[in-house]
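The values are calculated or read from the model by the stated rules, or taken from the named source; none is laboratory data. Here the structure is a predicted model, which means the values were calculated and not measured. Note: ideal-geometry Cβ built from the backbone for every residue, glycine included; neighbour counts use all protein chains shown. Quick note on the areas: whole protein, heavy atoms, side chains included, nothing else; ligands and nucleic acids left out. Shrake-Rupley method; radii C 1.70, N 1.55, O 1.52, S 1.80 Å.
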Amino acid sequence: MTEPILYILMRSDLDSLNPGKGMAQASHATSILHEEIKSLENFKKDHPLVELFNQWKEDRHFGTCIVLDSGTDLDILERVEFIKNLEGDHYADICEDPTYPISDGQHTWLVPAITCGFVFTDKAHSKLFGLDKLDLYP
């Protein structure tokens, strides 16, 4: 039996990524996943990821989502690229905010920043991806 889960790989090295901004970034990651699944569905309704996503939404119109402390943007990029190169029914990507606000004294700069990554998979694969070694995001 499958247990689909969306893992959000949140950066923990940005002081400005407070809980509210983190929740917004996790929401953006979920939107990216949803758009990718819709795109797959347009070409192949019986794709295993489409079926896994539909199962994920079945319970309460949303499924289990776990936010993990994933270090820096480079840590996230490395993990996501590793997972993307593995075979199987999973989807991994990053969320890059093109206008992430960074304050420096009286000035706020809007810069592109990777804020999180995500992995959508069956829970059984979390160890294979090394997700079981990450702590929950504080």
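Here are a few things to note about the model shown:
- Filtered residues of region 44-61 (kept if outside any helix (DSSP H, G or I) and either touching a helix residue (DSSP H, G or I) at 6+ places or on another chain (Cβ under 8 Å) or of a type in the set (Gly, Ala, Ser) (or both)): Lys44, His47
- Candidate set from region 112-130 (those that are of a type in the set (A, V, I, L, M, F, W, C) and modelled with pLDDT of 95 or more); member that is nearest to the chain's Cα centre (by Cα): Phe118
- Hits in region 1-31 - residues which are hydrophobic (A, V, I, L, M, F, W, C), open to solvent by less than 60 Å² (accessible area, probe 1.4 Å) and within 13 Å of the chain's Cα centre (by Cα): Ile5, Leu6, Ile8, Leu9, Met10, Ala24, Ala26, Ala29
- Only one of Glu78, Glu41 that is in a helix (DSSP H, G or I) and modelled with pLDDT under 90: Glu41
- Which listed residue is farther than 18 Å from Thr121 by Cβ and of a type in the set (Lys, Arg), from Lys38, Lys57: Lys38
- Ser39 vs. criteria of a type in the set (S, T, N, Q), farther than 19 Å from Leu9 by Cα and open to solvent by 80 Å² or more (accessible area, probe 1.4 Å): no
- Screening Asp104 against (1) within 16 Å of Ile5 (Cβ to Cβ); (2) modelled with pLDDT under 90 leaves a single unmet condition, (1).
- Any chance Leu68 is among the aliphatic types (A, V, I, L, M), out of contact with any Asp or Glu (no Cβ under 6 Å at 6 or more places or on another chain) and in a loop (DSSP other than H, G, I, E, B): no
- Condition check for Ile114: touching a residue at least 60 places away in the same chain (Cβ under 8 Å) and over 16 Å from Leu49 (Cβ atoms): yes
- Asp46 vs. criteria under 18 Å from Leu131 (Cα atoms) and either modelled with pLDDT under 90 or polar (S, T, N, Q) (or both): no
- Taking every residue in region 86-107 that is closer than 30 Å to Asn54 by Cβ and pairing it with any residue that is among the hydrophobic types (A, V, I, L, M, F, W, C) and open to solvent by 90 Å² or more (accessible area, probe 1.4 Å), at least 6 positions away or on another chain, the pairs with Cβ-Cβ distances below 8 Å are Leu86/Leu128.
- Candidate set: region 77-121, residues that are hydroxyl-bearing (Ser, Thr, Tyr) and surrounded by fewer than 18 Cβ atoms within 10 Å (Cβ to Cβ); chosen: the one farthest from Cys65 (Cα to Cα): Thr108
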